[in-house]
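**Q** I'd like to ask you about the structure that follows.
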There are 2 protein chains.
Amino acid sequence: MNEIKIFSPATVANVACGFDVLGFCLDSVGDQMVIRKTDKKGIYITKIEGGFNLPYEAELNVAGVSALAMYEAIDVNFGFEIEIYKNIKPGSGIGSSAASAVGSVFGMNELIGKPFNKTQLTKFAIQGEALASKCEHADNLAPALFGGFTLVKSLVPLEILELPSPDAIFATIIHPQIEIKTSEARAILPKEVALSDAITQWANFGSLVHALHTSNYDLIQKSLHDVIVEPHRSKLIPHYNEIKTTALKAGALGCGISGSGPSIFSLCKGLKTANHVKNAIESLYAKTGIEFDMHVSKINVDGVKIID
Amino acid sequence: MNEIKIFSPATVANVACGFDVLGFCLDSVGDQMVIRKTDKKGIYITKIEGGFNLPYEAELNVAGVSALAMYEAIDVNFGFEIEIYKNIKPGSGIGSSAASAVGSVFGMNELIGKPFNKTQLTKFAIQGEALASKCEHADNLAPALFGGFTLVKSLVPLEILELPSPDAIFATIIHPQIEIKTSEARAILPKEVALSDAITQWANFGSLVHALHTSNYDLIQKSLHDVIVEPHRSKLIPHYNEIKTTALKAGALGCGISGSGPSIFSLCKGLKTANHVKNAIESLYAKTGIEFDMHVSKINVDGVKIID
């Protein structure tokens, strides 16, 4: 096999009470990439479609940097070409850079007989992700690679836990097309938090993990609260509180900021409710004059995968 | 049935990363209590054995206060006598007051045909616990009533989750016979904590909940860390760090402060390791000149129960 075409999914990180450690994988939104062996040694980005003005130089491109990290770890007498068909908008907060970082290393690994497991692939992808976000983190990479809900227990050593995904869970995403600077989203977070809030957060997070294991939708609903980060970052997203109120009123189990925003996710029981939430948010946001995209997706339990 | 004899178990609260929300129930340590219907209306403590100088006046006694809370909620033309055979030393940090608070309401409920479920009984017991600890909390009450590992997701509304207990888990407890004032154990805690530490704590706690669900002993070991409370409260317990090092070296999965101390718990895989940890700690602590008790126990998955 000399060429492979893959789907590299969008992902939601943080997920309310799981700030910095939890993520889940989407099914209906993602990039496509073609990875191809080539006689010439090295990593070459040969095509980028989607119109996001991403760089072709491998060492300046997220997919290129993760590919280079993996390429340095293998000993082969050929190289790889990468074509990127970008659907996930950079800066949307649903793991655009993670999808690129994951896609190239997943594809290369498939072409050379899968010498690396998914945790090892995550380590290479972290290098690419760091180019985009200026820090090493894996909360989008892990769900993109493993699928489902993932808990990044620790970065050093890298430890990723695969949590169960209850069958009926669907996500509704709104991406208001505004720019949130990562630096601003970070600066707005307090360095210290009240111990009482931290306790509330880990009670909710432990409870959410239990709820995922027991497919307890009521408990998912009761657990999807973020008392630490949302009060700060929600200020950066126009009409955040109205969207959240609308989503919950329309039946969402919970609603929160995807990554560091501006996208907002809702988790819902059943496709019908997810679509209902989408329609309700759409009606609301259409009045704001701000451009936006919406997605409804089941949880993608496979993660990045070969297509065609 | 006019009389019932019960075993009301000792419990470990906090459990490293689960500060203020997690607890588990012991099997080999606990109080016995006899609850008896009596013609005279009201709650009467008629016997206290064990020599801890506890008050007989119902409204000053933990078991009496929780019994009174329940008695006010029922309409009966008789009263209850309570005999307490105390084995759990007050102030030991393994839920002595919780055992008393739970025992009386559990026993009374059995005698009147169980009109209340365990969550409702917890609410009555919280009144008794508050007499002893000057604040309302349920992290010892919940495991004493439900057994196994419990997560108190919230106090208002009271929401208790029963987590799975992997079969091979045993606990080793050392109770150094020193007094730690609850007020001091509380005052030593910071009101604010670093966000980065809080994230580590909830990553560990979520991971521990996942590990309990998957009987993953390796992951239990990796998750039993407390970066928030232990650094402060361990200073109040003589030789804490040596005990912990000894326990881990002897094979414990993890080790931490039980409640607010002075007892220290270790969780172990298998009875043999739990006994090995006991012997190792015993040899160490015998040299300190401080009196101490030790207990080895499997996890009690039933909680408080009828005996004889």
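**Q** For residues in the range A:209-223 being in contact with a Leu (Cβ under 7 Å, 6 or more places away or on another chain) and more than 7 Å from every other protein chain (Cβ to nearest Cβ), which is most open to solvent (accessible area, probe 1.4 Å)?
**A** A:Gln221
**Q** Any residue that is surrounded by 18 or more Cβ atoms within 10 Å (Cβ to Cβ), in the same structural domain as B:Ile45 (by TED's automatic domain parsing) and in a strand (DSSP E or B) - is there at least one of those in the range B:100-110?
**A** No, there is no match, as no residue in the range B:100-110 is surrounded by 18 or more Cβ atoms within 10 Å (Cβ to Cβ), in the same structural domain as B:Ile45 (by TED's automatic domain parsing) and in a strand (DSSP E or B).
**Q** May I pose another question? With the requirement that a residue be acidic (Asp, Glu) and crowded, with 18+ Cβ neighbours inside 10 Å, what does the range B:117-158 give you?
**A** Matches in the range B:117-158: B:Glu129, B:Asp139.
**Q** I would also like to ask the following. Quick check on the range B:8-28. Is at least one of its residues away from chain A (no Cβ under 14 Å), among the β-branched types (Val, Ile, Thr), in contact with a strand residue (DSSP E or B) (Cβ under 6 Å, 6 or more places away or on another chain) and open to solvent by less than 10 Å² (accessible area, probe 1.4 Å)?
**A** Within the range B:8-28, one or more residues are away from chain A (no Cβ under 14 Å), among the β-branched types (Val, Ile, Thr), in contact with a strand residue (DSSP E or B) (Cβ under 6 Å, 6 or more places away or on another chain) and open to solvent by less than 10 Å² (accessible area, probe 1.4 Å).
**Q** Can you say whether B:Lys123 is of a type in the set (Lys, Arg) and in contact with a Ser or Thr (Cβ under 7 Å, 6 or more places away or on another chain), as far as the supplied structure shows?
**A** Judged against the criteria, B:Lys123 is not a match.
**Q** Of all residues being open to solvent by 20 Å² or more (accessible area, probe 1.4 Å) and hydrophobic (A, V, I, L, M, F, W, C) in the range A:232-270, which is modelled with the lowest pLDDT? Just the residue, please.
**A** In this case the residue turns out to be A:Leu236.
**Q** Still on this structure, I have one more. Quick one: count up the residues across the range A:36-64 that are part of a strand (DSSP E or B) and out of contact with any Phe, Trp or Tyr (no Cβ under 6 Å at 6 or more places or on another chain).
**A** Looking only at that region, the number is 7.
Quick grid of which residues meet (1) touching a helix residue (DSSP H, G or I) at 6+ places or on another chain (Cβ under 9 Å); (2) more than 28 Å from A:Ile180 (Cα to Cα):
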site: A:Lys47; (1), (2): no, no
site: A:Ser66; (1), (2): yes, no
site: A:Tyr71; (1), (2): yes, yes
site: A:Ile74; (1), (2): yes, yes
site: A:Asn87; (1), (2): yes, no
site: A:Ile94; (1), (2): no, no
site: A:Gly103; (1), (2): yes, no
site: A:Met108; (1), (2): yes, yes
site: A:Leu111; (1), (2): no, yes
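**Q** A further question on this structure: Could you tell me whether the range B:182-191 includes any residue that is surrounded by 19 or more Cβ atoms within 10 Å (Cβ to Cβ), at pLDDT 95 or above, not assigned by TED's automatic domain parsing to the domain that holds B:Leu131 and not charged (D, E, K, R)?
**A** Taking every residue of the range B:182-191 in turn, none turns out to be surrounded by 19 or more Cβ atoms within 10 Å (Cβ to Cβ), at pLDDT 95 or above, not assigned by TED's automatic domain parsing to the domain that holds B:Leu131 and not charged (D, E, K, R).
**Q** Continuing with this model, one more query. Sort out which residues of the range B:224-244 are in a helix (DSSP H, G or I), away from chain A (no Cβ under 12 Å) and not basic (Lys, Arg), and write them in order of number.
**A** So in the range B:224-244, the residues in a helix (DSSP H, G or I) come out as B:230-236, B:240-244.
Filter again for away from chain A (no Cβ under 12 Å), leaving B:230-231, B:233-236, B:240-244.
Matches in the range B:224-244: B:Glu230, B:Pro231, B:Ser234, B:Leu236, B:Tyr240, B:Asn241, B:Glu242, B:Ile243.
**Q** Now, a different point. Looking at A:Glu59, A:Glu81, A:Glu49 in this structure, which one is among the acidic types (Asp, Glu) and in contact with a Ser or Thr (Cβ under 9 Å, 6 or more places away or on another chain)?
**A** None of the other options fit; the residue is A:Glu81.
**Q** Let me ask something additional. Going by the conditions given, is A:Glu59 within 10 Å of A:Ile43 (Cβ to Cβ) and open to solvent by 50 Å² or more (accessible area, probe 1.4 Å)? So that I can check it myself, show each step before the final result.
**A** Details: within 10 Å of A:Ile43 (Cβ to Cβ): yes; open to solvent by 50 Å² or more (accessible area, probe 1.4 Å): yes.
Judged against the criteria, A:Glu59 is a match.
**Q** Then there is this: Out of A:Leu145, A:Leu155, A:Leu161, A:Leu141, which single residue is within 13 Å of chain B (Cβ to nearest Cβ) and within 16 Å of the chain's Cα centre (by Cα)?
**A** A:Leu161
**Q** Hey, among B:Asp197, B:Asp167, which residue is open to solvent by 50 Å² or more (accessible area, probe 1.4 Å), assigned to a loop (DSSP other than H, G, I, E, B) and touching a residue at least 12 places away in the same chain (Cβ under 8 Å)?
**A** Result of the check over B:Asp197, B:Asp167: B:Asp167.
**Q** Sticking with this one: Could you go through the range B:174-194 and let me know if any residue there is in contact (Cβ under 8 Å) with a residue 24 or more places away in the chain, closer than 28 Å to B:Lys118 by Cβ, within 12 Å of another protein chain (Cβ to nearest Cβ) and not basic (Lys, Arg).
**A** Scanning the range B:174-194 turns up no residue that is in contact (Cβ under 8 Å) with a residue 24 or more places away in the chain, closer than 28 Å to B:Lys118 by Cβ, within 12 Å of another protein chain (Cβ to nearest Cβ) and not basic (Lys, Arg).
**Q** A further question follows. Take the residues in the range A:271-308 that are polar (S, T, N, Q) and open to solvent by less than 10 Å² (accessible area, probe 1.4 Å); name whichever of them is nearest to A:Thr172 (Cα to Cα).
**A** The selected residue is A:Ser297.
The values are calculated or read from the model by the stated rules, or taken from the named source; none is laboratory data. Since this is a predicted model, take the numbers as computed values, not measurements. Methodologically, a virtual Cβ is constructed for each residue, glycine included, from the backbone with ideal geometry; neighbour enumeration extends over all protein chains shown. Protein only, heavy atoms only, side chains kept; ligands, DNA and RNA dropped before computing areas. Shrake-Rupley method; radii C 1.70, N 1.55, O 1.52, S 1.80 Å.
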